[in-house]
Amino acid sequence: MSPTSRVRLPTGFRLNVGIAAVFSIGTLALFALLHLAVTRAIETKDREILDARLEEYATVYRNGGPQALTRQIADGRDSGSLQSFFVRVATRDERQLLLLASEDWVEFQAVRLGPFVLRKAAGHLRIPDEDELDLTLAWQPLIDGNVLQIGRRTDSREAILEPLRAFFFRAFFPVVLLGLGVGVFISHRTLKPLRDVVGTVQSIIRTGDLGQRVPVGGGGELDEMARLFNEMLQRNERLFTAMNQSLDNVAHDLRTPLTRLRGVAEMALRNPADESATREALADCLEESDRVLTMLRTLMDVAEAEAGVMKLDRKPTGLKQLLEQACELYDDTAEERHIRIARELPDSLRADIDAVRLRQAVANLIDNAVKFSPPQSVVTVSARQIADDVEISVSDGGPGIPEADRVRVFERLYRGDKSRGTQGLGLGLSLVQAIIRAHGGTISIADNAPVGARILVRLPPDEAKAGRS
């Protein structure tokens, strides 16, 4: 089977199995540690008992000799306290001086452990037997050089550990089932944002409705992912809506020049012998073609700027000369309409800009201001420093921009009611906004009391601040 054809198990199932495996491994590790701790505790207790008995008998031997130790052992044997004990005193050459061995130790032939034990000065030895006897031996030298050996049957540890193991094996499978149940619960809650995202995407693919959103919970990385996914959907919805509106507007605005092109061409073809009429028709065709090309070129510029791919040749530039050049482009047009273009431009203002693009943006603002201003009015172009930013202002004495239109005038091909009768493409302010945002600046509209509109552009002074929008 190729790697691409392998069946991938669902994420929820893998998460359930993983949690159950963690539960199971954790339970096994906990039991192993508990078993080891109990075993060590029992072993320590057994050795403490043997060490206490060794110390007791060594003291008796030291104070009263072999006879006193023999009497002590005899008393213990008569009272039954040595029932499971083995007591032996031997010399270094393995001669046995005293022996007390219970039936378990005689069967095990513990008396033959002498040579092994005598090779070490003192210590402990556990002797597990194949018949499930568990014997522990301890020894230490006496004051006369002989060796005292004491053993004890310690298979009582199995009486404690066996029920513990049985309990574990009975409880292990319920723990595994509990792990699976917890895994199902956790994975169901954890993966809910993912299921919501998948469901929303499937619904959008099925219906084409970009207005749907993913439900967002209280927090966490997956909920943050859902929130960001909603933001992406909202942005895409806005872009698609704007694109559809732009396409509708472009289709509407192109219908007129293309119809005129066709009409002019048909008129020229009806009378091909009239050279002057043909030339006039060709001139009209060129004019309408330029209008269409200007519209398409401007739309492309706006799209590039909004997509963040507009190329800017940014350089530190003095603004006074640049704004003067933009004003000079419209001085003649303004004079013909009896409009004066006033300048309020300080010498010291500089900004990190693309001079060609910014001049284009300011020229569009001045063009709009002159176009909508009545005769005998003033269009004012000013610039000033505000904190770290540079503000450029273009104000006019026209009818102003209604509050309801101040957001929409920056949309592509949008034309307010007051501008319907004015020649233009409806792309000027959208292009200006796109250029200003590409520079990291902002553009807004303010009232110009008592009449007119005032467009405010704010630019960062250097490229380090150009990331703002």
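Say R0 is 45 Å: what FRET efficiency, to the nearest 0.05, do Val176 and Arg206 get from their beta-carbon distance? In this case the efficiency is close to 0.65.
Rounded to the nearest 0.05, what FRET efficiency do Leu456 and Arg235 give with R0 = 35 Å and r taken as the Cβ-Cβ distance? Could you check?
Details: r = 26 Å, r/R0 = 0.74.
That pair, Leu456 with Arg235, gives E of 0.85.
Anisotropy class assigned to region 146-298 is prolate, per the alpha carbon gyration tensor with a/c at or over the 1.5 cut-off and a/b larger than b/c. Modelled spin labels at Asp248 and Gln376, positioned 7 Å past Cα toward Cβ, are 4.3 nm from each other.
Between the amide H of Gln140 and those of Leu148, distances stay under 5 Å, these residues lying 5 or more places away or on another chain, with hydrogens modeled in the peptide plane. Could you check the simple spin-label distance between Arg350 and Arg126, using points 7 Å along Cα→Cβ, in nm with one decimal? The answer from the label model is 8.6 nm. Straightening the chain between Glu287 and Phe169 buys 33.2 nm, computed as 0.36 nm per residue apart minus the Cα-Cα spacing. Site pair Arg279 and Ile49 shows an inter-label distance of 13.0 nm when each label is modelled 7 Å from Cα along Cα→Cβ.
Under a 5 Å amide H cut-off, with hydrogens placed 1.01 Å from N, Ile127 pairs with Leu135, Thr136, Leu137 among residues at least 5 apart or on other chains. Sorted from longest to shortest, the spans of the Cα atoms of region 20-97 along the three principal axes equal 66, 32, 19 Å.
Between Glu403 and Leu258, what FRET efficiency follows from the Cβ-Cβ distance if R0 is 41 Å, with the result rounded to 0.05? FRET efficiency, Glu403 to Leu258: 0.70. By the count of other C-beta atoms within 10 Å, a proxy for reagent exposure, Thr259, Thr70 are ordered fewest to most as Thr259, Thr70.
No value in this document is a laboratory result; all are computed from the given coordinates. All of these numbers come straight from a predicted model, not from anything done at the bench. Note: ideal-geometry Cβ built from the backbone for every residue, glycine included; neighbour counts use all protein chains shown.
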